[in-house]
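Input: one structure, supplied below.
The numbers here are math on the coordinates, done by the rules we state, and not lab data. Just so it is clear, the model here is predicted, and its values are computed rather than measured. We place every Cβ from the backbone using ideal geometry, glycine too, and count neighbours over all the protein chains shown.
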Amino acid sequence: HLISAKNLPKVIQEIIFEETNKIKSFYDTCEGRRSLQKTLRDKFGEPLFFRLLFWEPSLRTVCSFQDAIRALGGEYETTQHAGKFSSAAKGEKIIATTRILGKRCDGIIIRHDNKKEQNALKKSADTCEAYNLKTKIINAGDGANEHPTQMLLDMCTIWSLKKHEFLSGNLTYGFIGDIEHSRTIHSNLIALKDYGAKKIYLISEENNNLPDWLVNETKDLPIEKIAYLLEVAPELDIGYFTRYQSERKSQSKYDSAYYAEKFGATDEFIGITKESAFFLHPLPHGKEYREHLDLLDPRFIHHQQADNGFYVRMALIKLMFGRE
Ligand code: CP
């Protein structure tokens with residue numbers, strides 16, 4: 001199962017990144033695509049079957065998983081708004097859902113909101129083990145906790161752009177914005193424990209901090225919390241912007257224009273950053289990014305990053321489920 005970034009040590013990630021590169025080159029040839037199509041087959045030659053259950057909205061994650069499964073010759077069904085359009089709406093718990101679905105599919109890819117049930121992903125994976133179900137669970141984002149497959153595509157993007165400095169732990173990172181609620185930042189910090197870093201700045205408002213469970217987890221990283229982006233902008237090798245997640249706050253004190261001014265890619269920010277820096281964003285973005293930013297400045301690589309999601313998830317699924 002893939003529940004947390006902790007399930008993906010550096011040695012496994014590097015295998016996935018190498019596989020991603022291989023798939024990228026395969027995918028450009030007719031023969032390569034045909035061969036990938038044979039990946040997800042059972043012992044009878046039938047396609048493997050996946051269920052995607054999404055409690056929260058998604059564009060990139062859901063589509064890239066669907067496209068990856070299709071490209072590998074598998075099949076899938078998707079339930080969007082799973083809290084409303086599955087028996088979860090009638091109070092069914094994740095253990096019961098997993099026991100039913102787990103007998104009839106090879107993988108369940110879940111994005112959960114963790115609202116009515118905490119730790120739903122772990123409960124689902126534990127259920128598979130307890131009842132000896134053949135299915136494997138993949139976390140596609142659980143509330144404000146973690147997003148391990150986004151971590152994979154983020155790390156793969158950095159690995160392909162700055163491999164040597166990345167692997168030698170010699171990069172300065174700035175994680176900018178909603179540190180408290182950004183599950184992608186949480187999973188990325190867990191991954192960076194393995195890779196190391198010269199410095200990691202967490203740049204956000206004073207009262208927007210890492211959740212308690214992550215503070216201890218990341219205590220050995222060279223983390224510094226600061227509130228003023230422009231102060232460290234010239235040092236950053238990798239800047240990682242995030243949207244302010246007002247949907248996770250009962251009352252937001254921010255208006256989005258204020259947030260964009262403080263934690264956005266303003267002209268002033270762009271003007272003082274390193275030429276060699278790269279800027280990532282898991283998307284979707286709010287006002288902290290203007291549209292076409294990537295066309296104005298090629299260091300903003302969020303579209304390249306999002307495209308990597310398809311190939312990385314293909315590599316992950318091939319390695320987790322493929323016949324070879
Ligand atoms: N980055 C990400 O998880 O995007 P979606 O919410 O669109 O899947």
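Under 15 Å from the Cβ of A125, count the other residues' Cβ atoms, weight Lys and Arg +1, Asp and Glu -1, and hand me the total.
Computed value for this residue: +3.
For the chain, what does the relative contact order come out to in percent, with C-alpha contacts under 8 Å and a separation of six or more?
Answer for the chain is 20 percent.
Among DSSP beta bridges whose residues both lie in the chain, state the antiparallel percentage, nearest 5.
The answer is about 5 percent antiparallel.
Relative to the Cα centre, what is the charge dipole magnitude of the chain, using +1 at the beta carbon of each Lys and Arg, -1 at the beta carbon of each Asp and Glu, and rounding to the nearest 20 debye? Present the calculation step by step, with values, prior to reporting the outcome.
Numbers: 45 positive and 45 negative charges, 296 e Å.
Using only the charged Cβ atoms, the result is roughly 1420 debye.
I need to check one value: relative contact order of the range 88-204, counting alpha carbon pairs closer than 8 Å and at least 6 residues apart, in percent. Intermediate results must be reported in sequence, preceding the final value.
Numbers: 163 pairs, mean separation 26.3, N = 117.
About 23 percent, as a whole number.
At 20 °C and 1.002 mPa s, what whole-number value in µm²/s does Stokes-Einstein give for the translational diffusion of the chain, with Rh from the Kirkwood sum over Cα pairs?
So the translational diffusion coefficient is about 105 µm²/s.
Oh, and also: List M320, M151 from most exposed to least, where exposure is judged by having the fewest other Cβ atoms within 10 Å.
Taking fewest neighbouring Cβ atoms as first place, the list is M320, M151.
Report the one residue of L152, T135, A125 whose Cα lies farthest in the direction of the positive end of the charge dipole of the range 121-160 (charges on C-beta: Lys and Arg +1, Asp and Glu -1; origin at the Cα centre).
The one lying farthest along the dipole's positive direction is T135.
Among Y195, Y76, A233, whose Cα projects farthest towards the positive end of the dipole of the chain, with charges put on the beta-carbon of Lys, Arg (+1) and Asp, Glu (-1)?
The residue sitting most towards the positive pole is Y76.
Rounded to whole Å, give me the distance from the Cα center of the range 70-133 to that of the range 237-298.
33
Please rank I200, I69, I301, fewest neighbouring Cβ atoms within 10 Å first, as an exposure proxy. Don't skip to the answer; put the middle values down first.
Numbers: I200 22, I69 26, I301 19.
Placing the least packed residue first, the sequence is I301, I200, I69.
If we count other beta carbons within 10 Å of each Cβ, what is the order of R51, R323, R111, fewest first? If you can, show how the numbers build up before the last one.
Numbers: R51 20, R323 12, R111 24.
Fewest-to-most Cβ neighbours within 10 Å comes out as R323, R51, R111.
Can you work out the Karplus-derived ³J(HN,Hα) for every residue in the range 63-68? Use 6.51 cos²θ - 1.76 cosθ + 1.60 with θ = phi - 60°, whole Hz, and x for glycine or proline.
After applying 6.51 cos²θ - 1.76 cosθ + 1.60, I find 5, 5, 5, 4, 5, 5 Hz.
Sequence gap at least 6, Cα distance under 8 Å: using those rules, report the relative contact order of the range 142-226 to the nearest whole percent.
33
With the alpha-carbon atoms as the only input, what is the per residue convex hull volume for the range 1-159 in Å³?
122
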